[in-house]
Amino acid sequence: MKSKKHLPLAFYSAILLSIAGCKPYSAVAQNTSVSVSASSEEQMYRPNFHFTPKKGWMNDPNGMFYADGYYHLFYQYYPEKSVWGPMHWGHAISKDLIKWEEQPIALYPDKDKYIFSGSAVVDRYNTSGLATGKKAPIVAIYTLHDMTKEKEGKIDVEQQDIAYSNNNGFTWQKFEEGNPVVKNPGIRDFRDPKVTWDETHKQWIMVLAAQDRAQFYTSENLKKWEYLSEFGKNIGAHGGVWECPYFFQIKVEGTNETKWVLIQNLNPGGANGGSGTQYFIGDFDGKTFTLDINFAKRVEAEKAVWLDYGKDNYAGVTWNNIPSADGRRLFIGWMSNWDYAQQVPTNAWRSSTTIAREIQLIKKGENYSLVSNPVKEINKYVSKTIKGKSVKGKGKISIPEAGKIDLTQAIVSFNLKNLKQDTYNFTLANAVGESLTFGINNSDHYLFVDRSKSGKNDFSEKFASTITKAALEGNQKEGVFKIILDKTSIEIFYNNGEKVITEIFFSNQPFTSLSVSSNEGIELSNLVINQLNIN
Ligand code: FRU
């Protein structure tokens, strides 16, 4: 049942500070004043092709699966305000991962029992026995967060429950008689169960976040779960609470070798502050996840390995049940950060998802790593392509081709050659003097985004106080950029997705020009600007 009760803000703030790894809810909840009118807010800030709910608050993507021609996306949702509140699972569907249609809410909280993050699987062989007809049931596994217990200062506020659907996820029943399927063992942060089918060991595997580590459970029927092992204490980044893990097996590109990947979100403590997504690569014997030896060295050296270095890709998960003929590992994240998500200058709704991405595992020498790139489906929305001239020269050089298209929905790609020990600043600018700068610092070896002059940024001290950096391995001789722009977001895929930066911004007018500046000189080629038109 939908809860109509609104608790005082101070109550939410106190609760939220404790449950959510110190998310600064108190500071945010009050801030709903913005200086743009509702219509200009829609026009200026509603993304063209990144999913946003029509109204209300959204955070983590949840329960994604594919069935009968549709990609299903569920998400943490509070329909009544554009700040975090009693959590529901919102629902959207897409035939191509780009154009989304919002659906009726999938799961409502009961009184103050909130439906937190989780996953959903297509139970093809009805292992759960929850089918009512011939169709495979869809089983959602999520955290039930009990606010009454929370209020009473109890520890065991989070447990794992299931719900099921016999019509491909359009309507759901909670599994009242059998919940919880995993009881709280006395751990304060015990949430975000992500389930996948482990084809190698023929079992359902659940990974969930237990404070500072991931725990693994096994099941034959999605209803009875047995604890297997844990991973992560003192490994990788631990600047905040571990949340939203995800665990899957993946082939090394171009081989038949497989590895296991643990995606592990944490907040705060991300690569550039606040919320962030790290990952680990290793092996799984059906019980225990062991880090690959070279990957372990990399984690040791870099402290953590990040899926995205931007401030705005959090709680991302991948789709279950992608047909084997397709075989891609498809990912989507929440394009915001708990540091300021509730303060961003939109009133009617808050937050969007990232663009859907294909994740691949590559091996160079003995080293494994993940690369992510926008799904190829985006290309079918290209309405116009402008190929640019090569650019060579020093100082500030304008890229006039960029002025010929609408940069609020575009893909910009180019290659850089003969890079020197220099900084290459690319600047998107508008008529009111605002700009967003990104590029490569090849003296100190990092990719960066600087949104400090990109428009509205005074809604949070943390939004633009630091430049976002992604360390690059040594001197770059050349670089390949693919950049996706959609009104309020930039997603940079560098060197075919080896390094990714995702960031949001709120300019007062659209950016209409692109220029580049360098001291030593730049050599830019293969400039392609694709206009997108997603109607
Ligand atoms: C991550 C998170 C999850 C939790 C959900 C609550 O952003 O804190 O751990 O399940 O949000 O909305």
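The values are calculated or read from the model by the stated rules, or taken from the named source; none is laboratory data. Please read these numbers as outputs of a predicted model, since none were measured by experiment. Cβ atoms come from the backbone with ideal geometry, glycine included; neighbour counts cover every protein chain shown.
Out of Tyr78, Tyr114, I need the residue that is free of Cβ contacts under 8 Å to residues at least 24 places away in the same chain, in the same structural domain as Thr318 (by TED's automatic domain parsing) and more than 17 Å from Trp319 (Cβ to Cβ). Which one?
Details: Tyr114 fails: free of Cβ contacts under 8 Å to residues at least 24 places away in the same chain.
Exactly one of Tyr78, Tyr114 is free of Cβ contacts under 8 Å to residues at least 24 places away in the same chain, in the same structural domain as Thr318 (by TED's automatic domain parsing) and more than 17 Å from Trp319 (Cβ to Cβ), namely Tyr78.
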How many residues, within the range 187-201, are in a strand (DSSP E or B) and among the hydroxyl-bearing types (Ser, Thr, Tyr)?
1
Hey, Asn526 hits all of (1) more than 21 Å from Pro400 (Cα to Cα); (2) in a strand (DSSP E or B) but one; which does it fall short on?
(1)
Can you pull out the residues in the range 302-318 that are of a type outside the set (S, T, N, Q) and either at pLDDT below 95 or buried (at least 21 other Cβ atoms within 10 Å of the Cβ) (or both)?
Ala304, Trp306, Leu307, Asp308, Tyr309, Gly310, Lys311, Asp312, Tyr314, Ala315, Gly316, Val317
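Per-residue answers, yes or no, for (1) within 16 Å of the ligand (Cβ to nearest atom); (2) surrounded by 19 or more Cβ atoms within 10 Å (Cβ to Cβ); (3) part of a helix (DSSP H, G or I):
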{"position": "Phe295", "(1), (2), (3)": "no, yes, yes"}
{"position": "Glu300", "(1), (2), (3)": "no, no, yes"}
{"position": "Ile322", "(1), (2), (3)": "no, no, no"}
{"position": "Asp326", "(1), (2), (3)": "no, no, no"}
{"position": "Gly333", "(1), (2), (3)": "yes, yes, no"}
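Evaluate the following for Asn256: is it more than 16 Å from the ligand (Cβ to nearest atom), touching a residue at least 12 places away in the same chain (Cβ under 8 Å) and assigned to a loop (DSSP other than H, G, I, E, B)? Steps first, answer last, please.
On the way: more than 16 Å from the ligand (Cβ to nearest atom): yes; touching a residue at least 12 places away in the same chain (Cβ under 8 Å): no; assigned to a loop (DSSP other than H, G, I, E, B): yes.
In short, no.
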Could you go through the range 493-505 and let me know if any residue there is surrounded by 16 or more Cβ atoms within 10 Å (Cβ to Cβ), assigned by TED's automatic domain parsing to the domain that holds Asn425 and within 17 Å of Gln43 (Cα to Cα).
yes
How about the range 272-293: which of its residues are within 16 Å of the ligand (Cβ to nearest atom) and surrounded by 22 or more Cβ atoms within 10 Å (Cβ to Cβ)?
Gly274, Ser275, Gly276, Thr277, Gln278
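Filter the range 193-219 down to the residues that are of a type outside the set (S, T, N, Q) and closer than 17 Å to His238 by Cα, then identify the one that is nearest to the ligand (Cβ to nearest atom). Give the steps one after another, and end with the answer.
Quick first cut of the range 193-219, residues of a type outside the set (S, T, N, Q) only: 193-195, 197-199, 201-202, 204-210, 212-214, 216-217.
Cutting the leftovers down to closer than 17 Å to His238 by Cα gives us 208-210, 212-214.
Numbers: Leu208: 10, Ala209: 7, Ala210: 12, Asp212: 14, Arg213: 14, Ala214: 13 Å.
Checked the range 193-219; the qualifying residue nearest to the ligand (Cβ to nearest atom) is Ala209.
Modelled with pLDDT of 95 or more and on the phi > 0 side of the Ramachandran plot, is that true of Gly90?
no
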Yes/no for Tyr446 being in contact (Cβ under 8 Å) with a residue 12 or more places away in the chain, out of contact with any helix residue (DSSP H, G or I) (no Cβ under 9 Å at 6 or more places or on another chain) and crowded, with 21+ Cβ neighbours inside 10 Å
no
Breaking point among (1) at positive phi; (2) surrounded by fewer than 19 Cβ atoms within 10 Å (Cβ to Cβ); (3) within 22 Å of the chain's Cα centre (by Cα), for Gly186:
(3)
For the range 202-223, give me the residue count where each residue is closer than 16 Å to Tyr125 by Cα and not in a strand (DSSP E or B).
5
Looking at (1) farther than 30 Å from Glu253 by Cβ; (2) part of a loop (DSSP other than H, G, I, E, B), which is the one condition that is false for Gly474?
(1)
Could you pull out every one of the strands (runs of 3 or more DSSP E) wholly within the range 64-109 that has 3 or more residues that are away from the ligand (no atom under 16 Å from the Cβ), over 18 Å from the mean Cα position of the chain (by Cα) and under 24 Å from Pro137 (Cβ atoms)?
100-107
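Please go through the range 439-455 and pick out each residue that is in a loop (DSSP other than H, G, I, E, B) and more than 20 Å from Asn508 (Cβ to Cβ). Don't jump to the end; show me each part of the working.
In the first step, residues of the range 439-455 are kept if they are in a loop (DSSP other than H, G, I, E, B); the result is 442-445, 451-455.
Correct list: Asn442, Ser443, Asp444, His445.
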Test: residue in the range 456-465 that is assigned to a strand (DSSP E or B) and either among the hydroxyl-bearing types (Ser, Thr, Tyr) or on the phi < 0 side of the Ramachandran plot (or both)
no
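For the condition touching a strand residue (DSSP E or B) at 6+ places or on another chain (Cβ under 6 Å) and without any contact (Cβ under 8 Å) to a residue 12 or more places away in the chain, what is the one hit in Glu226, Glu177?
Glu226
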Taking the range 302-320 and keeping only residues that are within 16 Å of the ligand (Cβ to nearest atom) and within 12 Å of Ser369 (Cβ to Cβ), one is left with Leu307
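Check whether at least one residue in the range 118-138 is within 16 Å of the ligand (Cβ to nearest atom) and touching a helix residue (DSSP H, G or I) at 6+ places or on another chain (Cβ under 8 Å), and report yes or no.
From the range 118-138, those within 16 Å of the ligand (Cβ to nearest atom) are 118-120; that's our starting set.
Add one more test, that the residue is touching a helix residue (DSSP H, G or I) at 6+ places or on another chain (Cβ under 8 Å), and what stays is none.
No.
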Among the residues of the range 383-438, how many are under 26 Å from Gln509 (Cβ atoms), surrounded by fewer than 18 Cβ atoms within 10 Å (Cβ to Cβ) and under 29 Å from the mean Cα position of the chain (by Cα)?
5
